[in-house]
Amino acid sequence: MSTVIPVPDNWQSTFDSWDDLRNGYPDEDEDETVRHCVRQLETTSSGSEGDPVLFWTLGLVMLAPYVAFGNPGPGVEDEAVAVLSRVARDDDSRTCTHVWHPYEVDLDDVLEHLPAYLEVLGSPANQALDSLLPEDLLPEASLDEPEDEETEPANLSGPEILARWQCPRTAPGFACAALDYLGATIR
């Protein structure tokens, strides 16, 4: 089954463990949850359309607050920074015609709505496009009152926003946002 963005078969349970950790109610070892996400991201190939690079990158975005402030074990932050740096560096050679991407929305707003977004992004491609609205993929606050008529994303349709989520620059952009959250630079 082809989904909007590649996701692993067990994505919902994996996502739930990230969300539990993010909300302070981990049901598994916190460091192992982060390391599992790091290992999965290390084994994905940014150039392959079938690998869930964006999914695992979003996982580290969700886990960044724990890595930054939750007293992770030795080496956990270094491992996360190293793999996020690799993903972030992949943006150097990629170009697109999009003026705007989802990683430019306030990160806390994206994290708050990510469960709903992944329902859309993890669904079959033809199902996701059925009556897709912009608010299905972005917080409404980012769609209200644009600063000017040219500002994206307020003037985009749901399918146009979906195309930005599928853009090869989106995973590197979220990796940079996670590195910024961690106070780290691309290595």
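The values are calculated or read from the model by the stated rules, or taken from the named source; none is laboratory data. As the structure is a prediction and not an experimental result, all values here were calculated from the model. Methodologically, a virtual Cβ is constructed for each residue, glycine included, from the backbone with ideal geometry; neighbour enumeration extends over all protein chains shown. Heads up: the accessible areas ignore ligands, DNA and RNA and are worked out on the full protein's heavy atoms, side chains in. Shrake-Rupley method; radii C 1.70, N 1.55, O 1.52, S 1.80 Å.
Only one of A184, A175 is on the phi < 0 side of the Ramachandran plot, among the aliphatic types (A, V, I, L, M) and either in contact with a Lys or Arg (Cβ under 9 Å, 6 or more places away or on another chain) or in a helix (DSSP H, G or I) (or both); which?
Details: A184 fails: either in contact with a Lys or Arg (Cβ under 9 Å, 6 or more places away or on another chain) or in a helix (DSSP H, G or I) (or both).
Matching residue, one of A184, A175: A175.
Please specify each residue of region 67-76 satisfying the condition of being part of a loop (DSSP other than H, G, I, E, B) and either at positive phi or open to solvent by 40 Å² or more (accessible area, probe 1.4 Å) (or both).
N71, P74, G75, listed by residue number.
Could you list, ordered by first residue, the pairs with Cβ atoms under 9 Å in which the first is in region 95-123 and open to solvent by 70 Å² or more (accessible area, probe 1.4 Å) and the second is of a type in the set (S, T, Y) and assigned to a loop (DSSP other than H, G, I, E, B), at least 6 apart or interchain?
V99/T151
Name the one entry in E28, E79, E32, E42 that is charged (D, E, K, R) and surrounded by 15 or more Cβ atoms within 10 Å (Cβ to Cβ).
E79
Could you list, in sequence order, the residues of region 45-60 that are surrounded by fewer than 21 Cβ atoms within 10 Å (Cβ to Cβ) and not polar (S, T, N, Q)? Walk me through how you get there before you give the answer.
Residues of region 45-60 that are surrounded by fewer than 21 Cβ atoms within 10 Å (Cβ to Cβ), as a first pass: 45-51.
G47, E49, G50, D51, listed by residue number.
Keeping to region 121-148, report how many residues are modelled with pLDDT of 80 or more, closer than 15 Å to A163 by Cβ and in a loop (DSSP other than H, G, I, E, B).
Number of matching residues: 4.
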